[in-house]
Amino acid sequence: IASDGLTRVDIPSGADWQVGGTWDGSAYSDPPGHADKVQAARAEGVNAERERRILAGKVFPITGYGSTIHPSGDDKTQTVLLALKDSARDLQAANVTDAVLPFRDMDNITHNLTASQAMELVNLGKAWVTDLYEASWDLKATDPIPANYADDKHWP
């Protein structure tokens, strides 16, 4: 009890609580429907975290290439990568093995790739994005969704 006669209650930082609950003198009870609201907010947070990770891209090592490549995951880059893979298929069909496919990554580095390297880059990126979606689905299927859903331990 404080000097003014009022009881002070310390609420942990980041705690999921809401006005409208009840205090029985020793414990706080959440208001009805609060857990559902927390789950919905966390599910939205999981989606936002997945999108943030996709946009940040990932660095990929490519077989036979002396450097790594860091594509962004934005929609434009994904379209460019699919077009790159289409061109790579055409070059493979024509038996072209030279590094003639340019790709500029999010670090503003132009990489000249062979058809097989371009296809590897696209396939690695697709697999990574798929893994991110699966991780987000797994998190949202958890009851309750962990408050630390953005922690790297939950993501590939």
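The values are calculated or read from the model by the stated rules, or taken from the named source; none is laboratory data. For clarity, every value in this text was computed on a predicted model and none was experimentally measured. Counting neighbours? That spans all protein chains shown, and the Cβs are built from the backbone with ideal geometry, glycine included. Heads up: the accessible areas ignore ligands, DNA and RNA and are worked out on the full protein's heavy atoms, side chains in. Shrake-Rupley method; radii C 1.70, N 1.55, O 1.52, S 1.80 Å.
Points to keep in mind about this one:
- Cα gyration tensor shape of the stretch 93-135, rounded if a/c is under 1.5, else prolate or oblate by comparing a/b with b/c: oblate
- For the stretch 43-119, convex hull volume per residue from C-alpha positions, Å³: 91
- Based on alpha carbons, the Rg and Dmax found for the stretch 57-96 are 11.9, 31 Å.
- Alpha carbon centroid spacing (whole Å) that separates the stretch 118-147 from the stretch 50-103: 19
- The fraction of Cα-Cα pairs per 10 angstrom bin, counted from 0 for the stretch 81-156, comes to 18, 34, 21, 18, 8, 1 percent, rounded to whole percents.
- The residues neighbouring Leu101, those whose beta-carbon lies less than 14 Å from its own, together hold a net charge of -2 under the Lys/Arg +1, Asp/Glu -1 convention.
- Average accessible area per residue (Å²) across the stretch 43-156 - probe 1.4 Å, nucleic acids and ligands excluded: 57
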